Number of protein chains: 2
Amino acid sequence: MTDFAATKAMFDLPEGVLYLDGNSLGPLPKAAPARVQQMLTDEWGQMLITGWNKAGWMAQPMALGDRVGKLIGAEPGQVVLGDTLSIKVYQALAAALDLVPERRVVLTDSGNFPSDLYMAEGLLKTLGKGHELRIVDPEDVADALTDEVAVLMLTEVDYGTGRWHDMADLTRRAHAVGAVTVWDLAHTAGAVPVDLSGAGADFAVGCTYKYLNGGPGAPAFIYVAPRHAGRALPALSGWLGHEAPFDFHRKYRPGHGVDRMRVGTPPVIQMTALECALDIWDMADIRDVRARSVSLCELFIAEVEAACPMLTLASPRAAERRGSQVSFRFEDGFAAMQALIARGVIGDFRAPDIMRFGFTPLYLDEADVRAAAAIIAEVMTDRLWDRPEFRVRAAVT
Amino acid sequence: MTDFAATKAMFDLPEGVLYLDGNSLGPLPKAAPARVQQMLTDEWGQMLITGWNKAGWMAQPMALGDRVGKLIGAEPGQVVLGDTLSIKVYQALAAALDLVPERRVVLTDSGNFPSDLYMAEGLLKTLGKGHELRIVDPEDVADALTDEVAVLMLTEVDYGTGRWHDMADLTRRAHAVGAVTVWDLAHTAGAVPVDLSGAGADFAVGCTYKYLNGGPGAPAFIYVAPRHAGRALPALSGWLGHEAPFDFHRKYRPGHGVDRMRVGTPPVIQMTALECALDIWDMADIRDVRARSVSLCELFIAEVEAACPMLTLASPRAAERRGSQVSFRFEDGFAAMQALIARGVIGDFRAPDIMRFGFTPLYLDEADVRAAAAIIAEVMTDRLWDRPEFRVRAAVT
């Protein structure tokens, strides 16, 4: 049984803040500042170039990949870290399309991250073979799976509403029509149990700075099913994905397995911070996290709906169709969220009208949720958001 | 006049080490551990998601890009940081090829980084239009510039030998045949004066962990000439390169200027370490750095050649044809370099037989060079490298 008081104590949470935005950027593990400082001083400072071997920097993308893999149903050697999620989407989609060269449709849905759509758009343009990016509504995905579809590319949990696709079912349906799947786990890794092997997923990608708490700009990850790992060609064929990077051959030869999805020099300092976050994940069982997430979300929905009739639930009401976040629609959601942040309840806003709240049992408990709901009730009931300073938009919200 | 004693005092250099590998990984700026710790604690820890605006994280890739730009002859707004060098090579080459759609040859030379060749190979395969990657010897590049050539893609200073291309001359010749240029500055940014504007370069890319001292895994940079910045399309069209990333539109619209070369979430912790290195660069004039680099290299060549007849100079003898590194060929170069490292002289080895030494005036002085040359003389004359333990190869050397 996961000791959530113990995991909560491992995070540095600011006084007076109720942080419901761990689905956007997780908080600081208390161990990170000292560990990063030690890495800088003792590893970079003292070992210099020899740190790549002596401190194990070069092996980190696979070693940490294995640790992330445990949270998403992957075996060791099937996940590697690096780059950003957008880059990993490009690699996964390129490799997936290469497996189905005769088809021309990439099927996705309107609940996917815009960035995933942009990366797909850029790749399809680069391929120049007339591929179509077909965007349907989330509930129409199953019906849109025809034998035209080369790749089904979906984000498992919708970043806006929290709607949760059934990965196993859609993967089975995709395979039935001869399509290959690319799953974006940005809002599922560390949020809900993911079983890539059990679902038969082909490719998966995700980031480590949301529910995994790796810090701003933490590296992304990519999973390649073992049946594809020896065939999948990364369009981004960098030297660290080469079979023998330090032989400095002029011709690219893909490395073994998921190694080939490495590209350039790994971000060692970011990976060190991420390690501290994964140490906390080692204390948790993702099934316990899910059970507690459901109970926190249910409590939150009940409290907010009871006090705030002006807010409309945007997330699925059924827990089994919802990730670890709860969203409400409200016309003045931007201003309302700014007012909440001013009161110490940090969620975020997604255009056009979504107020989004993430639930992260590693460091949130029932008392936090009740306190947050009480502040939301006050801000909404007393229209405390209706002030000019809460309407000023900055670059990131 | 640059105060090199002052710049040297800003680095944390281990006792008993003569570090001649700053062309591979620069050393730790003394300010970095405290500054990174402060960023982790006060920014990530206290600001959480609001750090993207409040701490200026989102603006860092352009702000630091401007600071790197000053060292390479670019104006503000022409350089942006992000990703790895390999990814930036892909973006620059894709954008360059898009400007010359009717041609099918990418010209490069055998002195280019293998990783640049691999990335080009992957891009040309992805494009699937029958492009040829034509690799000639460095001295044959000028003659190989024909009107078949779409893009001339070169690394300005050869990572192995230190041979320095004439960027202005080759760019002029490339333009004369209607080709577009992509310059890799990995071994020139912070090593020698670079004048991208003056040379009329089209695209340039580089890394910040070598001569710029940004730390292991520090982000790469990309320069786009202003005449192309509004036209060049990044194949990697990520959300942070979108004109309005936080509007979450489904269609990609490239941002203004070099902004569009941004892809995903920037590596904030790495950028914080890089900032400390750029603070030291603010104390230096690159012309002073170059003058001192030449004198250190000349001294090193003279001392080593006088004592070590078994070593053959692999770098150009003429200073004006050489970057800020000196390489010698030696059949047992791998073992010899291991023996040097065991004695505290850190250089590196590049297959098949190159012993490579980097010269970095920000933290190396004449006494260091004399001391290193004396140790090299002893190791070579007494064949101290000829022991089994120096022949064991690890992953990174």
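The values are calculated or read from the model by the stated rules, or taken from the named source; none is laboratory data. Just so we're clear, the structure is a prediction, and the values are computed from it rather than from any experiment. Note: ideal-geometry Cβ built from the backbone for every residue, glycine included; neighbour counts use all protein chains shown.
Take the conditions part of a strand (DSSP E or B) and either modelled with pLDDT under 95 or among the polar types (S, T, N, Q) (or both) and apply them to A:THR126. Does it pass?
Judged against the criteria, A:THR126 is not a match.
For segment B:120-149, what are the residues that are more than 24 Å from the chain's Cα centre (by Cα) and aliphatic (A, V, I, L, M)?
Scanning segment B:120-149 gives B:LEU127, B:ALA144, B:LEU145, B:VAL149.
Determine which single condition B:GLN60 fails, assuming it passes every other condition in (1) in a helix (DSSP H, G or I); (2) within 11 Å of chain A (Cβ to nearest Cβ); (3) over 30 Å from A:ARG343 (Cβ atoms); (4) not charged (D, E, K, R).
It fails just one condition, (3).
Quick one: would you say A:THR312 is farther than 21 Å from A:VAL369 by Cα, out of contact with any Pro (no Cβ under 7 Å at 6 or more places or on another chain) and among the hydroxyl-bearing types (Ser, Thr, Tyr)?
no
Out of all the residues in segment B:369-392, is one or more within 23 Å of B:GLY190 (Cβ to Cβ), buried (at least 21 other Cβ atoms within 10 Å of the Cβ) and within 11 Å of chain A (Cβ to nearest Cβ)?
no
Of (1) more than 14 Å from chain A (Cβ to nearest Cβ); (2) of a type in the set (Asp, Glu); (3) touching a Phe, Trp or Tyr at 6+ places or on another chain (Cβ under 9 Å), B:GLU139 satisfies all except one. Which?
(3)
Results for (1) surrounded by fewer than 22 Cβ atoms within 10 Å (Cβ to Cβ); (2) hydroxyl-bearing (Ser, Thr, Tyr), shown as yes or no for each residue.
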site	(1), (2)
B:GLY190	no, no
B:GLY206	no, no
B:TYR211	no, yes
B:ALA220	no, no
B:GLY238	no, no
B:ARG253	yes, no
B:GLY257	yes, no
B:ALA273	no, no
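Across segment A:235-254, what is the total count of residues that are at the interface with another protein chain (Cβ under 7 Å from one of its Cβ atoms) and under 16 Å from B:LEU123 (Cβ atoms)?
Total meeting the criteria: 8.
In the list B:GLY200, B:GLY230, which residue meets the criterion of being surrounded by fewer than 24 Cβ atoms within 10 Å (Cβ to Cβ) and either over 20 Å from B:ASP66 (Cβ atoms) or acidic (Asp, Glu) (or both)?
B:GLY200
Quick one: which of A:LEU152, A:LEU185 is within 15 Å of A:ALA92 (Cβ to Cβ), under 15 Å from the mean Cα position of the chain (by Cα) and modelled with pLDDT of 95 or more?
Going through A:LEU152, A:LEU185 in turn, the sole match is A:LEU185.
Give the residues of segment B:188-219 that are at positive phi and either away from chain A (no Cβ under 14 Å) or assigned to a helix (DSSP H, G or I) (or both), sorted by residue number.
Across segment B:188-219, the qualifying residues are B:GLY190, B:GLY200.
Kindly provide the set of residues from segment B:90-115 that are facing another protein chain (nearest Cβ under 9 Å), closer than 18 Å to A:ASP83 by Cα and touching a residue at least 40 places away in the same chain (Cβ under 8 Å), ordered by number.
B:TYR90 - this is the single residue of segment B:90-115 that is facing another protein chain (nearest Cβ under 9 Å), closer than 18 Å to A:ASP83 by Cα and touching a residue at least 40 places away in the same chain (Cβ under 8 Å).
Just a yes or no: is a residue in segment A:287-295 at pLDDT 95 or above and either within 30 Å of A:VAL392 (Cβ to Cβ) or touching a strand residue (DSSP E or B) at 6+ places or on another chain (Cβ under 6 Å) (or both)?
no
For the structure I just gave you, tell me whether A:ASP143 is in contact (Cβ under 8 Å) with a residue 24 or more places away in the chain and farther than 30 Å from B:HIS131 by Cβ.
no
Scan (1) in contact with an Asp or Glu (Cβ under 9 Å, 6 or more places away or on another chain); (2) free of Cβ contacts under 8 Å to residues at least 24 places away in the same chain for the single condition B:PRO245 breaks and write down its number.
(1)
Let me confirm something: among A:GLY69, A:GLY45, A:GLY73, A:GLY77, which residue is part of a helix (DSSP H, G or I), modelled with pLDDT of 95 or more and more than 9 Å from chain B (Cβ to nearest Cβ)?
A:GLY69
Take the residues in segment A:1-38 that are over 30 Å from B:PRO29 (Cβ atoms) and in a helix (DSSP H, G or I); name whichever of them is nearest to the other protein chains (Cβ to nearest Cβ).
Per the stated criteria, the residue is A:LYS8.
Would you point out the residue of segment A:298-353, among those that are among the acidic types (Asp, Glu) and in contact (Cβ under 8 Å) with a residue 12 or more places away in the chain, that is nearest to A:VAL379 (Cα to Cα)?
Per the criteria, the residue is A:ASP332.
Go through (1) surrounded by 18 or more Cβ atoms within 10 Å (Cβ to Cβ); (2) away from chain B (no Cβ under 14 Å); (3) aliphatic (A, V, I, L, M) one by one and return the number of the condition A:LEU364 breaks.
Status for A:LEU364: all satisfied but (2).
Looking at segment B:220-234 only, could you name the residues that are of a type outside the set (A, V, I, L, M), farther than 20 Å from A:ALA218 by Cα and more than 9 Å from chain A (Cβ to nearest Cβ)?
Passing the criteria: B:TYR223, B:PRO226, B:ARG227, B:HIS228, B:GLY230, B:ARG231.
Here is a list: A:PHE349, A:PHE359. Which entry is hydrophobic (A, V, I, L, M, F, W, C), crowded, with 23+ Cβ neighbours inside 10 Å, in contact with a Ser or Thr (Cβ under 6 Å, 6 or more places away or on another chain) and not assigned by TED's automatic domain parsing to the domain that holds A:LEU185?
After applying the criteria, what remains is A:PHE359.
Within the bounds of segment B:309-325, is there any residue that is crowded, with 20+ Cβ neighbours inside 10 Å, touching a Phe, Trp or Tyr at 6+ places or on another chain (Cβ under 7 Å), more than 30 Å from A:ALA351 (Cβ to Cβ) and within 14 Å of chain A (Cβ to nearest Cβ)?
Scanning segment B:309-325 turns up at least one residue that is crowded, with 20+ Cβ neighbours inside 10 Å, touching a Phe, Trp or Tyr at 6+ places or on another chain (Cβ under 7 Å), more than 30 Å from A:ALA351 (Cβ to Cβ) and within 14 Å of chain A (Cβ to nearest Cβ).
Please identify the pairs in which a residue from segment A:175-189 that is in contact (Cβ under 8 Å) with a residue 40 or more places away in the chain has its Cβ atom under 9 Å from the Cβ atom of a residue that is charged (D, E, K, R) and part of a strand (DSSP E or B), counting only partners at least 6 apart or on another chain.
none
If you go through segment B:255-267, how many residues are farther than 17 Å from A:LEU85 by Cβ, assigned to a loop (DSSP other than H, G, I, E, B) and touching a strand residue (DSSP E or B) at 6+ places or on another chain (Cβ under 8 Å)?
1
Determine the pairs where a residue that is facing chain B (nearest Cβ under 10 Å), located within segment A:255-281, has a partner that is assigned to a loop (DSSP other than H, G, I, E, B) and among the β-branched types (Val, Ile, Thr) with Cβ atoms under 9 Å apart, the partner being 6 or more residues away or on another chain.
Listed by first residue and then by second, the contacts come to A:VAL263/B:THR84; A:GLY264/B:THR84; A:THR265/B:THR84; A:PRO266/B:THR84; A:PRO267/B:THR84; A:GLN270/A:THR208; A:LEU274/A:THR208.
With respect to the numbered conditions (1) at pLDDT below 95; (2) of a type in the set (D, E, K, R); (3) out of contact with any helix residue (DSSP H, G or I) (no Cβ under 9 Å at 6 or more places or on another chain), which one is the sole condition not fulfilled by A:ARG231?
(3)
Using the structure shown, decide if A:ALA174 is among the small types (Gly, Ala, Ser) and assigned to a strand (DSSP E or B).
No, not satisfied.
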